[in-house]
Structures are given as C-alpha cells and as structure tokens.
Amino acid sequence: MSDFSPAPIPENLRLGHQIEVVCKQLLDHSLQYEVLVYNLPIREGKQTLGEIDFILKDVATKQIIHVELTYKFYIINPDIKEPLHQLIGPNKRDTFFMKMEKIKNKQFALLHSEAGTTALSDKGIAIANLVHQTCFKVQLFKPYKVDALYLNPLNQNCVVGYWLRLSDFNTNAFTLFQFYIPNKSQWVLYPDTTNSWTSHADTLLTIEKQLFKQNSPMVWMRKSETEFEKFFVVWW
C-alpha cells in the first residue's frame, strides 16, 4: 500500500458513504482481494430491503467474502457492567451491541433471502460458497479523568478521546484554550491547526445551543500548536 494515492472523496456524501468510498479505493489497490460487488441494493418489487456493502474474492484462496462495513463513534459508560454493552452513541440513540445484532440478524440474513440470493445469482455468486465478515471501525471516548478502563475483548487502541458534561467544560481546565466544533464529516480526523479556532466563551455558547436540542457535539481543543484533544460534551 506504500504507493497508494487516494482519489478525492465527494463532499456531498454522508460520513458513512464517504468511508465506503475510502474502503473501495483501498480494496481496488489491494493485491489480496478482488471486488465483485459494491453497494448492491437488494429489492423486492419496488421496495428496497437493504444494501450489500461488499462482496470480495480472496485472490489466493478463491474464498468469496461478504463484508459489512461500519464506522461508529461511541462513548464508554463504565456504569454498565458488561463491556460490550458499555459502548453507546453520544446522544444515547444507538449502541455497539444493537449494531452488531442488526448486522448479524438483518444484514447478513438479507443475503439468504429470496431477493438476496437472486441478486447474487445475477452476479454469478452462489450463496453456499460465501462467508460473512464485518469490518467494524470505531472511535471510543472514555469518561473524563478516567485513565484505566477494562475493555477486553475490545481494542484499546480505539480510544481517541474522552467525554464530559457541560459542568466539566466550564472549569479552569478548559477556559484558557481554543476550540473548534467539527462537522460530522470531520469527526474521523485528528485535530490540526488549519481550522478556525474560537475562545472558550464563544464555544460555550455554541455548545449550549446544541445541548438544548439534545445533541452532543464533538469538540476539538487546541492546547498548543502541537497538542490537541478531542471530546464529546453530552447533553444527558
């Protein structure tokens, strides 16, 4: 992959579709896989039942692989005992466990439906020769001021920031720094100096407006020209 050069990503796509475009470019450049199907809608009459993200063929083994791709942002709630249930969306509208159940019970099952097998058959793909896999990318945010967390079997390297409440943001630990509230397509990025940074007071007004709408914003904080942090301020 050392010679990989990405093509521009359409800015009008929502974040999930932008991630799919990036993945497609990487797979096209890979010598290990051949892309047989990409974003194939499964329809029954005029109704769209769902969509297949990728069907790949391992060039060496000839194995056909169905891959569902997802990219999520979860905060870690240690008040919940089971690690797989601790990961929840910053607005408490989704969870890691619910997403995995949906992938297994709906998206994988879609290929075995009559409409799914017909769509694959039209592409020359037999469902009997296919295995299912999930590429689950995630950024995790630990509670503010919590250093040690038991995350097994989850990947510790996915922790990229923390989450807090407005009362925490209003303390002296934050008032002296500058901030930027990224749009959702920027959430995957690491903060840098190219953005328009604002003061704590100005940022506070923007955050309060979003919290009033029960929306938990992601915030980037610039502590110096080379030191940045990213976190969610939750409304609940």
Go through segment 77-96 and give me each residue that's surrounded by fewer than 16 Cβ atoms within 10 Å (Cβ to Cβ) and either part of a helix (DSSP H, G or I) or assigned by TED's automatic domain parsing to the domain that holds residue 186 (or both). 84, 85
First in segment 7-33 and part of a helix (DSSP H, G or I), second anywhere and charged (D, E, K, R), Cβ under 7 Å, 6 or more apart: 15/184; 20/53
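For segment 58-76, which positions are surrounded by 15 or more Cβ atoms within 10 Å (Cβ to Cβ) and of a type outside the set (A, V, I, L, M)?
Hits for segment 58-76 are 66, 68, 70, 71, 72, 73, 74.
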Residues of segment 18-45 classified as basic (Lys, Arg), more than 23 Å from the chain's Cα centre (by Cα) and more than 18 Å from residue 120 (Cα to Cα), total: 0
Just give me the residues in segment 210-236 being more than 12 Å from residue 166 (Cβ to Cβ), within 25 Å of the chain's Cα centre (by Cα) and not in a strand (DSSP E or B), in sequence order. 213, 214, 215, 227
Top-ranked residue of segment 169-187 - restricted to ones that are part of a helix (DSSP H, G or I) and in contact (Cβ under 8 Å) with a residue 60 or more places away in the chain, ranked as farthest from the chain's Cα centre (by Cα): 169
Here the residues within segment 139-177 that are surrounded by 12 or more Cβ atoms within 10 Å (Cβ to Cβ) and among the β-branched types (Val, Ile, Thr) are 159, 160, 175
Whether any residue in segment 127-149 is in contact (Cβ under 8 Å) with a residue 40 or more places away in the chain and in a helix (DSSP H, G or I) is what I want to check. yes
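The values are calculated or read from the model by the stated rules, or taken from the named source; none is laboratory data. Everything numeric here is computed off the predicted structure, so don't read it as measured data. Here the Cβ is made from the backbone with ideal geometry for all residues, glycine too, and neighbour counts use every protein chain on show.
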